[in-house]
Amino acid sequence: MASNGLPTNHIASKLGLGKSTVSMVLQNLLPDHPILSAGHPTKLSSTDQHCILLQIAFGKVSNAVQATTHINSIIQNVVSSQTVRNLLKQHSFKAVTMEKKSHYLR
């Protein structure tokens, strides 16, 4: 069934077994069988991520909102600034906090 391209959860439901059990058996019997990762696909390709990181590193953009505006002008699917912030956090970029200035004159 797996060699026909049937997903693990369909095989498990037809055989009355758990998905984990079917997955372990498939790994033992078919070592070349692809293991799919859980979750949703990334919104930014590795090339898009690299582009954003270079823009920040070379100082062409100074924050995540500017990087989002730049990347959204290039790619078809729109990403949020939070997605760009998460990318920067994964690559150990730190946000610089500005020092508060007093509005009062002395």
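Only one of Ile52, Ile71 is touching a Cys at 6+ places or on another chain (Cβ under 8 Å) and without any contact (Cβ under 8 Å) to a residue 60 or more places away in the chain. Can you tell me which?
Criteria check complete, one pass: Ile71.
With the structure loaded, tell me whether Leu87 is surrounded by 15 or more Cβ atoms within 10 Å (Cβ to Cβ) and modelled with pLDDT of 90 or more or whether it fails that test.
Here the answer is yes, as Leu87 does meet what is asked.
Residue-by-condition table, conditions (1) at pLDDT below 95; (2) in a helix (DSSP H, G or I); (3) over 30 Å from Lys19 (Cα atoms):
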{"site": "His33", "(1), (2), (3)": "yes, no, no"}
{"site": "Leu36", "(1), (2), (3)": "yes, no, no"}
{"site": "Leu44", "(1), (2), (3)": "yes, no, no"}
{"site": "Val65", "(1), (2), (3)": "yes, yes, yes"}
{"site": "Ile75", "(1), (2), (3)": "yes, no, yes"}
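Looking at this structure, is Ile56 open to solvent by less than 60 Å² (accessible area, probe 1.4 Å), part of a loop (DSSP other than H, G, I, E, B) and within 18 Å of Ser45 (Cβ to Cβ)?
no
Please specify each residue of the stretch 83-106 satisfying the condition of being in a helix (DSSP H, G or I) and in contact (Cβ under 8 Å) with a residue 12 or more places away in the chain.
Thr83, Val84, Arg85, Leu87, Leu88
The values are calculated or read from the model by the stated rules, or taken from the named source; none is laboratory data. None of the values given here were measured: they were computed from a predicted structure. Backbone-built Cβ (ideal geometry, glycine too); neighbour counts: all protein chains shown. In case anyone asks, the SASA skips ligands and DNA or RNA and just uses the protein heavy atoms, side chains included. Shrake-Rupley method; radii C 1.70, N 1.55, O 1.52, S 1.80 Å.
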